[in-house]
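Here's the structure, in structure tokens; my notes come after.
The values are calculated or read from the model by the stated rules, or taken from the named source; none is laboratory data. Everything numeric in this text was worked out from a predicted model, so none of it was measured. Positions of Cβ are backbone-derived with ideal geometry, glycine not excepted, and every protein chain shown enters the neighbour counts. Note: accessible area is taken over every heavy atom of the protein model, side chains too, but ligands, DNA and RNA are not part of it. Shrake-Rupley method; radii C 1.70, N 1.55, O 1.52, S 1.80 Å.
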Amino acid sequence: PSEDTGVLIKALITGDRSGLEKETIETFRASGASHILALSGLHLGIIYLILTKITVPLGNSPSARAARYSFIVTASGFYTLMTGAGPSIARAFLFILIGETAKLLGRSREPWRVLLSALVIQLAIKPDVISSTGFQLSYLAMLGISTMFPGLDRLYPKGEGLWGRIDPVRKVWSAATLSLSCQVFTAPLVWIRFHSFPQYFLLTNLLALPLTSAIMVISVTTIALSFLGICPGFLVSLDDMAVGALKFCLEIISSL
């Protein structure tokens, strides 16, 4: 229903920002949410989560695991190529490829092994990518997640049973510590390259990342159902409201 919802969804899913107004881009920049518009591992990560959820009904037999592996890797690879295979997206795809291969073969998926394996493969394929800011920020963020995040996350003990799975305070804690872990490792490079630091990065990420995830999930579902000719109208309206909420939050933060 809203004029600018479609172009923002297109930017989030494909990385094509050509239709976005300058005011919208500036709002994302001023609020410290530019990384949401810049297609990155975050976006492929959300696509990956969607793929893993929709393949659960296949079961857990050897043939089902092989089919799940083929579908997830192929679809992730297609998305990577479709969006231009930028350094950050390529890194995320390698993480998926290595992780899913290890899972299929029953091998260890320890974060350090996956990170270093992806780093070696990416540099072996394209050595000059090491000078890319996107490449550097992507691996620094993952380094923060691998080293700093686990310790911070454990400071808030996980409860038992159902409450342990749905505890909203712990979810906020995990999201905050994840954001902080990434920021600590990427902030020095951001300052060196861009001479800026997002003051409200924690607030921005706590609000914008869940909304961005919701928008991408709803959008992909809407697109798929529309293709089949069975898309209910409430999904379109829900997507429109989620985009409106994201823009509203970022406009408030950027005005602080």
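Tell me the residue from ARG17, ARG29 that is basic (Lys, Arg), assigned to a loop (DSSP other than H, G, I, E, B), within 26 Å of ALA187 (Cα to Cα) and open to solvent by 60 Å² or more (accessible area, probe 1.4 Å), please. Spell out the reasoning first.
On the way: ARG29 fails: assigned to a loop (DSSP other than H, G, I, E, B).
Result: ARG17 is the single residue among ARG17, ARG29 that is basic (Lys, Arg), assigned to a loop (DSSP other than H, G, I, E, B), within 26 Å of ALA187 (Cα to Cα) and open to solvent by 60 Å² or more (accessible area, probe 1.4 Å).
Quick grid of which residues meet (1) under 17 Å from GLY15 (Cβ atoms); (2) among the charged types (D, E, K, R); (3) in contact with a strand residue (DSSP E or B) (Cβ under 8 Å, 6 or more places away or on another chain):
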| position | (1), (2), (3) |
| --- | --- |
| MET82 | yes, no, no |
| ILE89 | yes, no, no |
| THR101 | no, no, no |
| LEU104 | no, no, no |
| ARG109 | no, yes, no |
| ARG113 | no, yes, no |
| ILE121 | no, no, no |
| ASP128 | no, yes, no |
| GLN136 | no, no, no |
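Residue by residue through region 174-203, note down the ones that are farther than 26 Å from SER132 by Cβ and either among the hydroxyl-bearing types (Ser, Thr, Tyr) or surrounded by 18 or more Cβ atoms within 10 Å (Cβ to Cβ) (or both).
Listed by number, the residues that qualify are SER174, THR177, TYR200, LEU203.
Quick check, is ILE230 open to solvent by 30 Å² or more (accessible area, probe 1.4 Å) and in a loop (DSSP other than H, G, I, E, B)? Quick ask: steps written out before the conclusion?
Working: open to solvent by 30 Å² or more (accessible area, probe 1.4 Å): yes; in a loop (DSSP other than H, G, I, E, B): yes.
So ILE230 passes the test.
How many of the residues making up region 133-156 are in contact (Cβ under 8 Å) with a residue 40 or more places away in the chain and open to solvent by 30 Å² or more (accessible area, probe 1.4 Å)?
Taking region 133-156 as the starting set, the residues that turn out to be in contact (Cβ under 8 Å) with a residue 40 or more places away in the chain are 133-144.
From what is left, the residues that are open to solvent by 30 Å² or more (accessible area, probe 1.4 Å) are 133-134, 136-137, 140, 142-143.
Here the count works out to 7.
List pairs: first residue in region 110-123 and without any contact (Cβ under 8 Å) to a residue 60 or more places away in the chain, second residue open to solvent by 80 Å² or more (accessible area, probe 1.4 Å) anywhere in the structure, Cβ distance under 7 angstrom, at least six positions apart or on different chains.
LEU123/ILE130
Would you check which residues across region 50-96 are touching a residue at least 40 places away in the same chain (Cβ under 8 Å) and either at positive phi or not hydroxyl-bearing (Ser, Thr, Tyr) (or both) and list them? Can you show your working first?
Let us first name the residues in region 50-96 that are touching a residue at least 40 places away in the same chain (Cβ under 8 Å), namely 50, 82-84, 86-89, 91-93, 95-96.
Listed by number, the residues that qualify are ILE50, MET82, GLY84, GLY86, PRO87, ILE89, ARG91, ALA92, PHE93, PHE95, ILE96.
Against the condition part of a helix (DSSP H, G or I), of a type in the set (Gly, Ala, Ser) and more than 18 Å from ILE13 (Cβ to Cβ), how does SER70 come out, does it pass?
Values: part of a helix (DSSP H, G or I): yes; of a type in the set (Gly, Ala, Ser): yes; more than 18 Å from ILE13 (Cβ to Cβ): yes.
In short, yes.
Is it the case that some residue within region 108-129 is at pLDDT 90 or above and farther than 22 Å from VAL73 by Cβ?
yes
Checking ILE253 against (1) open to solvent by less than 80 Å² (accessible area, probe 1.4 Å); (2) without any contact (Cβ under 8 Å) to a residue 40 or more places away in the chain; (3) in contact with a Phe, Trp or Tyr (Cβ under 6 Å, 6 or more places away or on another chain), only one condition comes out false. Which one?
With (1) open to solvent by less than 80 Å² (accessible area, probe 1.4 Å); (2) without any contact (Cβ under 8 Å) to a residue 40 or more places away in the chain; (3) in contact with a Phe, Trp or Tyr (Cβ under 6 Å, 6 or more places away or on another chain) applied to ILE253, the lone miss is (2).
Would you mind finding the one in ALA38, ALA30, ALA67, ALA75 that is hydrophobic (A, V, I, L, M, F, W, C) and closer than 24 Å to LEU123 by Cβ?
ALA38
Given the structure, is LEU235 in contact with a helix residue (DSSP H, G or I) (Cβ under 8 Å, 6 or more places away or on another chain), surrounded by fewer than 17 Cβ atoms within 10 Å (Cβ to Cβ) and either not in a helix (DSSP H, G or I) or not basic (Lys, Arg) (or both)? Don't jump to the end; show me each part of the working.
On the way: in contact with a helix residue (DSSP H, G or I) (Cβ under 8 Å, 6 or more places away or on another chain): yes; surrounded by fewer than 17 Cβ atoms within 10 Å (Cβ to Cβ): yes; either not in a helix (DSSP H, G or I) or not basic (Lys, Arg) (or both): yes.
Yes.
Could you tell me whether any residue of region 142-153 is of a type in the set (A, V, I, L, M, F, W, C) and under 20 Å from LEU39 (Cβ atoms)? Let's see the steps before the verdict.
Going residue by residue through region 142-153, those that are of a type in the set (A, V, I, L, M, F, W, C) are 142-143, 145, 148-149, 152.
Remaining after also requiring under 20 Å from LEU39 (Cβ atoms): 142, 145.
Among the residues of region 142-153, at least one is of a type in the set (A, V, I, L, M, F, W, C) and under 20 Å from LEU39 (Cβ atoms), which makes the answer yes.
Which residues, taken from region 157-173, are of a type outside the set (Val, Ile, Thr), loosely packed, with under 14 Cβ neighbours inside 10 Å and either in contact (Cβ under 8 Å) with a residue 40 or more places away in the chain or in a helix (DSSP H, G or I) (or both)? If you could, list the steps in order and put the result at the bottom.
Taking region 157-173 first, the residues of a type outside the set (Val, Ile, Thr) are 157-165, 167-168, 170-171, 173.
After this cut, where a residue has to be loosely packed, with under 14 Cβ neighbours inside 10 Å as well, the list is 157-165, 168, 171.
Those that are of a type outside the set (Val, Ile, Thr), loosely packed, with under 14 Cβ neighbours inside 10 Å and either in contact (Cβ under 8 Å) with a residue 40 or more places away in the chain or in a helix (DSSP H, G or I) (or both): GLY161, LEU162, TRP163, GLY164, ARG165, PRO168, LYS171.
Determine whether region 84-106 contains at least one residue that is among the acidic types (Asp, Glu), open to solvent by 20 Å² or more (accessible area, probe 1.4 Å) and either assigned to a helix (DSSP H, G or I) or at pLDDT below 85 (or both). Walk me through it before giving the result.
First, the residues of region 84-106 that are among the acidic types (Asp, Glu): 100.
Now drop any that are not open to solvent by 20 Å² or more (accessible area, probe 1.4 Å), which leaves none.
Among the residues of region 84-106, not one is among the acidic types (Asp, Glu), open to solvent by 20 Å² or more (accessible area, probe 1.4 Å) and either assigned to a helix (DSSP H, G or I) or at pLDDT below 85 (or both), which makes the answer no.
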